[in-house]
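To keep things clear, I will list the structure first and then write my remarks on it.
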Amino acid sequence: MSKQAKYKVLAAQFICAMNDGEYPQDQPLPSLRQLSALHQVSMTTALACYRYLESLGYIRADPKRGFFPCSEHTPVPLTEHAQFDAQISTLPKSPPRRLRSGFATAQLDANLIDTQQLRASLNRTMRGNLSMFNYGDPLGEPTLRRALSEHLQMQGFMLQEQALIITQGCLDAVKTALEITTKEQDVIAVPSPCYTGLLDTLSAMGRQVLEVPSNHNGIDLVQLENAMAGQKIAACLISANFQNPTGHSLSTQQKQSLAWMAKQYQIPVIEDDVYRELSHTGTTPLPVKHFDEDGWVIWCSSISKTLAPGFRLGWCAPGRFHQTYSDLIRVRSLGCNRPLQLALADYINRGHYARYLKKLNQALALQCNRYIQILAQLLPANIRLSRPQGGLVLWFELPQVDTQQLQAQLRDEQIYILCGDAFSTTDLYHNYVRLNFGQCLSSEIESQLVRFTQLAIQIRCQKSVKDETKTGTKPA
Ligand SMILES: Cc1ncc(COP(=O)(O)O)c(C=O)c1O
């Protein structure tokens, strides 16, 4: 990935602050002189930053009064969420979903990946010690576990290397956690809506789910605690940072409460934290695991969303379940691909991973906002869109649009999205869509977005004509 110019870094910070409402529409932004003093940049950089934001449509210049935020591109934020009483349901046994690329899979554009340094690490590794061609430690290469532990320490998250076990991605780590802590027919609490891959895994494993509603921070902890206190669930499966699909994150206090609840009710919390390091605001949040004193939190993550899903490398810190987890890993497989583990360790140890994440997140912050802007311009004004501060996906409501129909029609044109129904056992999200914004914007991607919105509007119009024919009313 190329080095980001200073003005773009500054612009990304501005966009996040504007989204947080720090700059009211009618108030001028800091003057160029103030901006340059505030961020210790030259006047040229300050002006380049404002010109760049202007070209993206975020701000406008008033020749006499300075620069102002633009109002016309602000979509309605998705702040209200379906409220209901959590209920146990059996998941349908459906054939495995095909992994579709494009807008349907939360995945980075290859152009954003630091392939140059990653290839260099792979090449160095392949020229290294011949022992890597033999079997290794089934729990993972010690060098990689150490590198990860040191990398996490830099974020203020202390985890000993011995606490970590290397897995084949995050989903594999989660599946093993479910296998050792629960059995068939057990009920697992999940947030509503929930990432389809987790629902599919639970279905394949014959587990039932308790879908717990969300509020603006994520899973409703009051309802979750009731379920825990009543011993209605065998485990809880959550993402506390930039949840897929809503983008929600629990506050620090909520993370502390959840860790406390796991200990209090002695119910394992399986934490899928695969998006934590994709924070667009410059600070990496801590996981629930950080607040876990008694080992009831099983922390799972991977490099699939941040770096290279094709490596199939992830990890787990199983806490008090370490022995059982290790035993299962030992009998089930003889470990993960050694050269890839060593190459990843090399990449992390040379500081490339930390540097890359910084640049990547700045690029993603801009990309996310550009997608929001484009969609807000193309879709009717009352569309409610999520405003994720991290991660790779947008979640939004298209009132009156049958999104299964939309998904099917788009598929015929090789445009892939995921409809809301895939994220729940309820029909509450029938009018919702999840969109990956990890693809860099190009004329092709923009025309796919245009086509997506055209079809959505068409389906909505057809529906209102049908409704009017049924009720005999005429459009106003
Ligand atoms: C919440 C969540 N967990 C896990 C995964 C899959 O991770 P991995 O590829 O590391 O198994 C995804 C992929 O979309 C995801 O969104």
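Output the qualifying pairs, or none if there are none: Cβ atoms under 8 angstrom, residues six or more apart or on different chains, first residue in segment 368-380 and outside any helix (DSSP H, G or I), second residue of a type in the set (A, V, I, L, M, F, W, C). Going by the 8 Å Cβ cut-off, the qualifying pairs are Leu379/Leu398; Leu379/Ala456; Leu379/Ile457; Pro380/Ile457. Considering every residue within segment 336-355, establish whether at least one is out of contact with any helix residue (DSSP H, G or I) (no Cβ under 6 Å at 6 or more places or on another chain), assigned to a loop (DSSP other than H, G, I, E, B) and within 16 Å of the ligand (Cβ to nearest atom). Taking every residue of segment 336-355 in turn, at least one turns out to be out of contact with any helix residue (DSSP H, G or I) (no Cβ under 6 Å at 6 or more places or on another chain), assigned to a loop (DSSP other than H, G, I, E, B) and within 16 Å of the ligand (Cβ to nearest atom). Of all the residues in segment 151-164, those that are more than 21 Å from the chain's Cα centre (by Cα) and either within 18 Å of Thr125 (Cβ to Cβ) or among the aliphatic types (A, V, I, L, M) (or both) number 5.
Annotation note: Cβ proximity below 9 Å between a residue of segment 43-70 that is at positive phi and a residue that is part of a loop (DSSP other than H, G, I, E, B) and hydroxyl-bearing (Ser, Thr, Tyr) (sequence gap 6+ or interchain) occurs for Gly66/Ser31. Select from segment 214-244 the residues that are in a helix (DSSP H, G or I) and not aliphatic (A, V, I, L, M) and write down the one among them that is farthest from Leu392 (Cα to Cα). Ranking the candidates gives Asn226 first. State all residues of segment 332-376 that are among the β-branched types (Val, Ile, Thr), under 23 Å from Ser443 (Cβ atoms) and over 20 Å from the mean Cα position of the chain (by Cα); if no residue qualifies, say none. Across segment 332-376, the qualifying residue is only Ile374.
Within segment 458-474, none of the residues are aliphatic (A, V, I, L, M) and in contact (Cβ under 8 Å) with a residue 60 or more places away in the chain. For segment 392-420, filtering for residues that are assigned to a loop (DSSP other than H, G, I, E, B), buried (at least 20 other Cβ atoms within 10 Å of the Cβ) and at pLDDT below 95 leaves 2. In segment 458-472 there is at least one residue matching the filter, namely being farther than 23 Å from Asn241 by Cα, in a loop (DSSP other than H, G, I, E, B), modelled with pLDDT under 95 and of a type outside the set (A, V, I, L, M, F, W, C).
Conditions tested, residue by residue: (1) closer than 28 Å to Trp395 by Cβ; (2) more than 12 Å from the ligand (Cβ to nearest atom); (3) buried (at least 22 other Cβ atoms within 10 Å of the Cβ).
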| position | (1), (2), (3) |
| --- | --- |
| Glu161 | no, yes, no |
| Ala173 | yes, no, yes |
| Val187 | yes, yes, no |
| Ser192 | yes, yes, yes |
| Gly197 | yes, no, no |
| Arg207 | yes, yes, yes |
| Val212 | yes, yes, yes |
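The values are calculated or read from the model by the stated rules, or taken from the named source; none is laboratory data. A quick note: this is a predicted structure, and the numbers were derived from the prediction, not measured. Don't worry about glycine lacking a Cβ; one is built from the backbone with ideal geometry, like all the others, and counts go over all protein chains shown.
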